[in-house]
Amino acid sequence: MVLVHTVEELQALLDGHRKSGGTAGLVPTMGALHKGHLSLVERSMRENDVTVVSIFLNPTQFNNKKDLERYPSDLEADCQLLDTLGGEIIAFAPSVQEMYPQPDTRKFSYPPTDSVMEGAYRPGHFNGVCQIVSKLFTIVKPDRAYFGEKDFQQIAVVRRMVDALALPLQIVPCPVVRETDGLALSSRNALLSPEEKKIAANIYKALSESRKLAASSSVSQVRDFVVKAINAVDGLDVQYFSIVDGKTLGEVSDWAESDDVVGCITVFCGHLPVRLIDHIRYK
Ligand code: AMP
């Protein structure tokens, strides 16, 4: 693994790989890496000659200052984790000044994918995501970019952006990596106490149970079941649970409306509280 902090250093390394005909994969992250991130890096390493892992806590995608301030970050630990994978990895950890020499005033808008759910509760969040991801695409010019289905809505928004800008790269969605009790791995889990982490496992438990229920129940019955089951747990509070078409992210009121139906949830957990997102595929 090589660690670089500037666009110039990164592009010099990538030029070397390109001259010998190599392909490049990009894994955008905000650091505090865990096994979920590593699964994306490993996939990219299998499919490309070199993998760029960007580690950048992007301020423009945080609509809540406190959330940004307490977001975990440990570049040294991240590099050690990446080192365990061996192979051709470039860790790109730029400063805010390096990524935003001037304020980024660009506006991206891909409704309804970016206006519902996370878009509604975190105004400006996906605009910030599109700003940083489009910049990374311009800098790295990857052949493939890897995104976790953990952030299900983010993939839908990024796909819309790639289509709208006609960017010549492939978006590769990767499955959610979970703890053995079902809790989706997340950098924000580090902000939970051990007890709260156990409590948080009830989110995926309820989602999994609701999938069994879906065969014999209506969409609204399934929705009510999930919200009630999770809110019944002390320390959990559902912000929203939407059952949507997996591509357009438009709400579905009947299972027959789509052959790609996904339930997306955000739950407040614990004393801070920490906002946890997860999803389940029904069809
Ligand atoms: P983040 O650092 O949270 O912005 O995440 C960087 C990338 O890793 C995003 O594409 C996430 O969806 C992905 N990711 C985060 N957690 C997981 C997980 N548990 N399983 C798979 N991918 C994940």
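The values are calculated or read from the model by the stated rules, or taken from the named source; none is laboratory data. Because the structure is a prediction, the values reported are computed rather than measured. Cβ: placed from backbone, ideal geometry, glycine included. Neighbour counts: every protein chain shown. Side chains included, ligands, DNA and RNA excluded: accessible areas come from the protein's heavy atoms. Shrake-Rupley method; radii C 1.70, N 1.55, O 1.52, S 1.80 Å.
Quick look at the numbers
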| quantity | calculated |
| --- | --- |
| Angle in degrees between helix 7-19 and the longest Cα principal axis of the chain, rounded to the nearest 10 | 80 |
| Nearest-ten-degree value, helix 35-47 long axis tilted from longest Cα axis of the chain | 50 |
| Degrees, to the nearest 10: 152-164 long Cα axis against longest axis of the chain | 50 |
| Relative contact order for the stretch 91-171, counting Cα pairs under 8 Å that sit 6 or more residues apart, in percent | 32 |
| FRET efficiency estimate (nearest 0.05) - Cβ-Cβ, Glu149 to His5, R0 30 angstrom | 0.50 |
| Gain upon complete extension [Leu165, Ser95; 0.36 nm per residue less C-alpha separation] | 22.6 nm |
| Whole-angstrom gap from the stretch 113-171 to the stretch 239-283, using each part's C-alpha centre | 18 |
| Sites Glu47 and Tyr240 - FRET efficiency at Förster radius 41 Å, r taken between beta-carbons, to 0.05 | 0.75 |
| The chain - percent relative contact order, Cα under 8 Å, separation 6 or more | 17 |
| Solvent-accessible heavy-atom area per residue, rounded to whole Å², over the chain at 1.4 Å | 47 |
| Relative packing of peptides 151-160, 121-130, 213-222 - highest average C-beta neighbours within 10 Å first | 151-160, 121-130, 213-222 |
| Distance in nm between pseudo-label sites at Asn231 and Arg106 (7 Å out along the Cβ direction from Cα) | 4.0 |
| Share of carbon and sulfur in the accessible heavy-atom surface of the stretch 44-134 [1.4 Å probe, %] | 50 |
| Gain upon complete extension [Glu251, Ser73; 0.36 nm per residue less C-alpha separation] | 60.6 nm |
| Interchain or long-range residues, amide H under 5 Å from Val261's placed H | Gly246, Tyr282, Lys283 |
